[in-house]
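Take a look at the structure below.
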Amino acid sequence: TGLGMTEVSNCMNCSGGYGGRHCDTCTFSQFGTSCSQNCTSYGTCSGHGRCKLDLGICDCINGWSGAACSVQVKSCTFDADCGNGNRSICSAGQCQCRSGWTSAN
């Protein structure tokens, strides 16, 4: 099976981000539907993280979040530093939305 030519159970010339013995798994740096995504799909993690090649996702540095590490997280010491009334809390030095609330970013 898969998207390539097989010869004695060894896949030769897999295409479209596929790999493995039968061209039926994503290659090392690809993930997602049809193995079509990788960290470079996110613009190299927006310069605020590094690519986890084994998973094909961005690992954001402190202060950044989101799939592409493009959402800046506000730093804090106390819940009051986060503002937003009582909708945010300070957790591990970063503002996070309380349960039931989401960020506009």
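Quick one: net charge of Cys58's neighbours, Cβ under 10 Å, K/R +1, D/E -1?
+1
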Sequence-distant or interchain residues sharing an amide H contact under 5 Å with Ile57, placed H: which?
Lys52
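Computed from the coordinates by the stated procedures, all read-outs in this text should not be read as laboratory data. Nothing here was measured: the structure is a model prediction, and the numbers come from that model. Using ideal geometry, Cβ is built from the backbone for each residue, glycine included, and neighbour counts are taken over all protein chains shown.
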